[in-house]
Amino acid sequence: MIDKKDLREMLSLEEKPDIENLFEKAYQTKLRYVGNKVYFRGIIEISNICSKNCYYCGIRRDNKNVLRYDMTDNEIFVAALWAYEQHYGSIVLQSGEREDKQFTDRITNLLNTLKKKTDGKLGITLSLGEQNKDTYQKWFEAGAHRYLLRIETSNENLYRRHHPEGHSFRRRLQCLQDLQDVGYQVGTGVIVGLPHQTVDDLTEDILFFKEFDIDMIGMGPFILHKNTPLVSYNGLVKKEDNFLKTLKMIAATRIILRDVNIASTTALQAIDPIGRELGLQVGANIIMPVLTEIKYRTSYQLYEGKPCLDENAAQCRGCLEKRIFSIGEKIGYDQWGDSPHYFKKQER
Ligand code: 5AD
Ligand code: SF4
């Protein structure tokens, strides 16, 4: 049984030795339950066109300062096949949210072709937002087997505060449920350090992951983007605080959930040059190298200060490898690196 009070205390630690103890305990838990192998998910940001308007996000619909793009099928194949040839076990296709048939059919076709081109061996994760169950089902049948959809915050009131009319917390929950019912390994997560978010909210977020029997977690620090309504919080948001809070969230999530996959997100590296390595050292076991062509990268900035905007995928691979070996971890090349939790759930 998880004691909510203990969890809250973990997230409230302030003294350096206490925080270091927490991190060490999380790392030991990681070694015991998922080992010291890091799995890569090459992420291809296929389009920044979005029908949603989340207040915190740099590519929200109403941000007119963004040059919108949509990668061609061929560009997507080139990036995906590069990942496959480099022995990355899997890729993630991510984009702004669109539910129109033209988009959903295109994804189905892309999945079918990608599976054929890689003999069904390349693992494909989707991160394409809220969709109806039928669409999730079609994409699953076409070969996607993991899906990422962050709850962003498990506090419905806070969710409402950071999303305009037309966004619905209930629908988000329904989508997570549908994804599980269809059979995906489901990933969710939150933004850490959103204005008005409390330590109680973060405590509840981890309990939410547990209750929802989530397989994969992705959490990143909130980073202000100046072309969003949250610009009014400029000066009030301390990136470094959000960074430390995120590390504590990763550590506490590892200690409580044990056998799930946890991503060390790029947003950590946007704040600290070795942010992703630190994420691995406090319990994360997944890294998502960006494979998007350089010419599109500047247009896919959900937050400011996104790293490696001028580094292509090949440079990124060499750099990452060095960084991972430097902290004594290994890389699970050619493996899907599925969440052990998902299989244990099946046995149950
Ligand atoms: N800071 C941090 N994370 C953000 N996201 C969107 N905007 C921001 C921001 N300003 C995250 C959301 C979304 C994911 C793809 O990016 O959690 O689900
Ligand atoms: Fe669109 Fe996702 Fe950004 Fe929300 S967070 S505006 S859904 S891209």
Mind checking which lysines have their Cα closer than 23 Å to the Cα of Lys16? Skip sequence neighbours fewer than 8 apart in that chain.
Lys4, Lys5, Lys25, Lys30, Lys238, Lys239, Lys245, Lys248
I'd like to know which of Gln86, Ala270, Leu179 lies farthest towards the positive end of the charge dipole of the chain, counting +1 on Cβ of Lys and Arg and -1 on Cβ of Asp and Glu.
Gln86
Using θ = phi - 60° and the Karplus form 6.51 cos²θ - 1.76 cosθ + 1.60, what ³J(HN,Hα) does each residue of the stretch 246-253 get, whole Hz, x for Gly and Pro?
5, 4, 5, 5, 4, 4, 5, 5
Using the beta-carbon distance between Glu240 and Lys117 and R0 = 51 Å, what value does 1/(1 + (r/R0)^6) give for FRET efficiency, to the nearest 0.05?
0.70
Length gain on complete extension for the stretch Ser232 to Asp134, per 0.36 nm per residue less the alpha carbon to alpha carbon distance?
31.3 nm
Taking all protein chains in place and a 1.4 Å probe, what share, in percent, of the accessible surface of the stretch 183-258 do carbon and sulfur account for?
52
Return, ordered by residue number, the residues of the stretch 128-143 whose backbone nitrogen is under 11 Å from a label point located 7 Å along Cα→Cβ of Ser51.
130-132
Over the chain: helical MRE at 222 nm, DSSP H runs n ≥ 4 each giving -39500 (n - 2.57), nearest 500
-13500 deg cm²/dmol
Report the extension gain between Asp70 and Leu207 in nm, rounded to one decimal, defined as 0.36 nm multiplied by the number of residues separating them, less their alpha carbon distance.
45.6 nm
I'd like to check one number: the per residue accessible area of the chain, probe 1.4 Å, reported in Å² as a whole number.
43
Which loop-located trypsin sites (Lys or Arg not before Pro) does the stretch 145-245 contain, where loop means any DSSP state but H, G, I, E or B and the Cβ has at most 13 other Cβ atoms within 10 Å?
Lys226, Lys238
Return the loop-located trypsin sites (Lys or Arg not before Pro) in the stretch 23-105 (DSSP other than H, G, I, E, B) with at most 10 other Cβ atoms within 10 Å of their own Cβ; answer none if there are none.
Lys64
Would you mind working out the magnitude of the charge dipole of the chain relative to its Cα centre, with +1 at each Lys and Arg C-beta and -1 at each Asp and Glu C-beta, to the nearest 20 Debye?
280
Select from Gly120, Ala26, Cys316 the residue farthest towards the positive end of the dipole of the chain; place +1 on Cβ of Lys and Arg, -1 on Cβ of Asp and Glu, and compute about the Cα centre.
Gly120
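The values are calculated or read from the model by the stated rules, or taken from the named source; none is laboratory data. Since the model is a prediction, treat every value here as computed from it, not as a measurement. Note: ideal-geometry Cβ built from the backbone for every residue, glycine included; neighbour counts use all protein chains shown. Just the protein is used for accessible areas: all its heavy atoms, side chains included, with ligands, DNA and RNA removed. Shrake-Rupley method; radii C 1.70, N 1.55, O 1.52, S 1.80 Å.
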